[in-house]
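Since the structure comes first, as structure tokens, the remarks are kept for the end.
None of the figures in this text is laboratory data; all of them are computed from the coordinates on show. A quick note: this is a predicted structure, and the numbers were derived from the prediction, not measured. Using ideal geometry, Cβ is built from the backbone for each residue, glycine included, and neighbour counts are taken over all protein chains shown.
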């Protein structure tokens, strides 16, 4: 039971990464451009984040097996806190304070690099200065393609 809770907490810690981050990009609110221009900018920002290896995750080849394994891991370890769509609304989220991070937040996506996400997934939230409630996944330390697929899934929710 405790091991299951720790695995669920892993999802929570990834969501919390934004809270203490000092590199948040301030939203100016002064841009009065059209909705389409904003949507195009957001899309290009998200593409940059998803394709980026910023932060040292390197160019890891992600196989279809790694993607499948990452999906199974997300469903079994992360969904309880982060929810199926990565919005931080999983069934266990109501019991967590602070609640899990919404992976759809562009502001959060821009504030965290891939290396930090990787460390949080493998070594837990405490390793990156966020909630210790997110348990480590030491079994993934020697599975860089699976971890890269998990990071890719998180980046894929950028809006």
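The table that follows gives values for the structure above.
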{"read-out": "Along each principal axis, Cα extent of the stretch 90-155, largest first, Å", "value": "32, 24, 22"}
{"read-out": "Extent along principal axes [Cα atoms of the stretch 83-125; Å; largest to smallest]", "value": "28, 24, 18"}
{"read-out": "Cβ-Cβ FRET estimate between residue 64 and residue 127, R0 fixed at 25 Å, reported to 0.05", "value": "0.30"}
{"read-out": "Added length on full extension, which subtracts the Cα-Cα distance from 0.36 nm per residue, residue 141 to residue 95", "value": "13.7 nm"}
{"read-out": "Computed label-point distance, nm, for sites residue 104 and residue 84 using a 7 Å Cα→Cβ extension", "value": "1.4"}
